[in-house]
C-alpha cells in the first residue's frame, strides 16, 4: 500500500447534495489531523449555504475556491496527489461523465485526471439508478476514477437513489493510490423491500 498517506495533497470538491455534507465534516477533520494538505473546491450552489461553508472553512483555515480561474493553476503545477468529490451530486456526476467543465470542482477533477492521478467519487444522487444511470456506468469504467462504496439508501421510497458510505472514504483513498478499486463497491441491504 501507499506509504505517504500523512503527506498527501488532497483536493476536496463539494457539490450540492447538502444532506451528506454533515457526514463529510468529520472526514475532513480526520484528514486534517493526519496532516493532509487540503484545498477545498465548491460548486456555485454551495455559496447559498453559509451554514455549511463557514464550518468547513473554519476547520481547514482556508477559503473554498469557487471559480474556474482560481482552480485552473493547480493543474499545470501537478499540485494534488488525488481529488475527492464528496458529496457528489447527480448533476456533477452527469457533467463529469460527459466532459463538461463549468465550475471549479469539475476543472480540478479534469486536471487531476489529466495528471493521471486518482479522482475518488462519493455519490449522493436521487437519480443515479434512473436517467443518470448511464453516466454512472461510464465513470465506473474510466481510468483513474474510483468510487466510495455505495448502495440504495431508501429503495422502497427512492428506488433510483444511491448514497456512498462516507466511513469508507479514507480506505477508498488508500486503495486508489495503489490503482485499486476498493471492493465490494456495491453495498447490499440486509432485507428485501418486499419484506418490509
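Readers should treat all values here as calculations from the given coordinates under stated rules, not as data from a laboratory. Since the structure is predicted, the reported quantities are computational estimates derived from the model, not experimental observations. Positions of Cβ are generated from backbone atoms using ideal geometry, with glycine treated the same way; all protein chains shown enter the neighbour counts.
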Under Stokes-Einstein, segment 80-139 at 20 °C and 1.002 mPa s, with its Kirkwood radius over C-alpha pairs, diffuses with a coefficient in µm²/s of 186
Using alpha-carbon positions, the gyration tensor of segment 41-113 gives root eigenvalues a ≥ b ≥ c; with a/c under 1.5 called rounded, otherwise prolate if a/b exceeds b/c, else oblate, the class is oblate
If one compares the long axis through the Cα atoms of helix 104-114 with the longest principal axis of the Cα atoms of the chain, the angle in degrees, nearest 10, works out at 80
Square roots of five times the C-alpha gyration tensor eigenvalues of segment 5-185, ordered largest first and given in whole Å, equal 22, 18, 17
Connecting every pair of Cα atoms under 10 Å apart in the chain and solving the GNM, the largest mean-square fluctuation among 141, 123, 105 falls on 141
Expected sort for 66-72, 78-84, 41-47 on mean C-beta neighbours within 10 Å, highest first, is 78-84, 41-47, 66-72
The chain, Gaussian network, Cα under 10 Å: of 64, 27, 173, the residue fluctuating most is 27
Highest GNM mean-square fluctuation among 16, 130, 90, for the chain with Cα springs under 10 Å, belongs to 130
Taking a ≥ b ≥ c as the square roots of the eigenvalues of the Cα gyration tensor, with a/c under 1.5 meaning rounded and otherwise prolate when a/b exceeds b/c and oblate if not, segment 24-81 is oblate
